[in-house]
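Taken together, the values in this text are just the output of simple stated rules run on the coordinates, not laboratory data. Remember, it's a predicted structure, so these values are computed and weren't measured experimentally. With ideal geometry, Cβ positions are generated from the backbone for all residues, glycine too; neighbour counts draw on all protein chains shown.
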Amino acid sequence: MPPFRIAALLGVACLGLAAGCASSPASSSPPAGSASAGGARVAGTANVAYASSLEYLNEKVVRPAFTAATGAGYSGTGNTAGALEAEIASGEIAPNVFESVGGDNITPLEPKFTRWYVQYAGTSMVLAYNPDGTYASQFKAIADGARPVRDLFTLLQAPGLRLGRTDPATDPQARDFIMMLQLAQSYYHLPPDTVAKILGTSDIGTSDSPQIYAESSLDSTLQSGQLDAASAFVTQAVQLHLAYVPLPAAINLGSFALASQYKKASLTVGGTTYHGSPQVIDITTIGTPTPAAEAFVAYTLSAAGLAQYRAGGFTMITPALFGDSGAVPEPILRELGG
């Protein structure tokens, strides 16, 4: 089903999401459930299942602001997007909101659990590093531009260097990290075994590697000094104050203008083939929408909610609705300008 584009309240530029989408005028309505919306308060709790890369933003920033604005409660569960998808499908968890990196882990839940989702913010890949580690000065030289980024991919092959990443079977970030390496191998004309050497295996889609850590613990493992470097989104690095090497748009999966270039990278995991694409954050309600769930999504897509993402290092894009617009609750449509 082709995406249905709706203009955001914020005057942010559309960076080229799926073609063929129609825009409608922005609404002047205040955020649903907010203090400015007639002072109405929202009952119940937003039970939010979110990709672990959103943990700091959700728990430290969004939680108190959302509750103050709406009066609704908040409960968060973080994990890899793939694990959350499986747990929702099996009934192991029953959130009323799901936030994923990319729509790949939302569409398998359609139409039983949801029939739509909204893309509303973008991020990109970086390489985080331990500023006190053995290789810190070399990473810093690359990060500062004193050495070319091309040198990063030779450095990552250094004997004894401890690299951490997440599981490609369940985590979009893990797959994006591998596809970033594939793009770098091509872009910098590196030897054809570069990716395999960095990952320590020719079976690059495997979950069986000493480099693999739970997404929820990878950043803290790096910060504790147990790793020299780790995969990360730039937004995680910004929010957690991690030292990191920025990557050029040609390989960082952060530019919508380069979507066709990113698609040349691919990875097969568990019989499913994934292709590189710009990294986006998606949100939907799960099950019968509750007032608190509707309020949380509407708040996220409001001017106040999107400003929190901007401050957290995300790229602001015009929110785009994919799926059945008729299934979207009215407060959320109103926030989208529909």
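Quick one: in the range 225-272, what % of C-alpha pairs are over 14 Å apart?
64 percent
Tabulate in residue order the Karplus-calculated ³J(HN,Hα) for the range 199-207, using 6.51 cos²θ - 1.76 cosθ + 1.60 with θ = phi - 60°, rounded to whole Hz; enter x for Gly and Pro.
7, x, 6, 7, 8, 5, x, 6, 9
Could you list 263, 197 in order of exposure, starting from the residue whose Cβ has the fewest other Cβ atoms within 10 Å?
In order of increasing Cβ crowding within 10 Å: 263, 197.
Under 5 Å between amide hydrogens, which residues at least 5 positions from residue 78 or on another chain qualify, with H placed 1.01 Å from N in the peptide plane?
Amide H to amide H, under 5 Å and 5 or more residues apart or across chains, residue 78 pairs with 50.
So what J values fall out for the range 173-187 if you push phi through Karplus, 6.51 cos²θ - 1.76 cosθ + 1.60 with θ = phi - 60°, rounded to Hz, Gly and Pro as x?
4, 4, 5, 5, 4, 5, 5, 4, 5, 4, 4, 5, 4, 6, 4
How many nm separate the modelled label positions at residue 187 and residue 288, each set 7 Å beyond the Cα in the direction of the Cβ?
Reported label-point gap for residue 187 and residue 288 is 4.9 nm.
Using the alpha carbon gyration tensor of the range 246-333, what are the three equivalent-ellipsoid semi-axes (square root of 5 times each eigenvalue), largest first, in whole Å? Kindly include the intermediate steps, with their values, before the conclusion.
On the way: eigenvalues 167, 70, 24 Å².
One finds semi-axes of 29, 19, 11 Å for the range 246-333.
log10 I(q)/I(0), Debye, Cα-only the chain, no solvent, q = 0.08, 0.11, 0.12 Å⁻¹?
Once normalised to I(0) and log-transformed, intensities are -0.37, -0.70, -0.82.
Report the semi-axes of the equivalent ellipsoid for the range 125-252 in whole Å, largest first, where each axis is √(5λ) for an eigenvalue λ of the Cα gyration tensor.
Over the Cα atoms of the range 125-252, the semi-axes work out to 19, 18, 14 Å.
Please compute the length gained on full extension between residue 61 and residue 268, using 0.36 nm multiplied by the number of residues separating them and subtracting their Cα-Cα distance. Could the numbers behind the result be given before it?
Details: separation 207, 0.36 × 207 = 74.52 nm, distance 3.57 nm.
Using 0.36 nm per residue and subtracting the Cα-Cα distance, I get 71.0 nm.
Compute the separation of the alpha-carbon centres of the range 227-284 and the range 41-73 and state it in Å as a whole number.
25 Å
Mind pulling the angle between the C-alpha long axis of helix 291-300 and the longest principal axis of the chain? Nearest 10 degrees, somewhere in 0 to 90.
50 degrees
Divide by every residue of the chain the summed helix terms, -39500 (n - 2.57) for each DSSP H run of at least 4, and state the resulting mean residue ellipticity at 222 nm, rounded to the nearest 500 deg cm²/dmol.
Rounded to the nearest 500, the figure is -8000 deg cm²/dmol.
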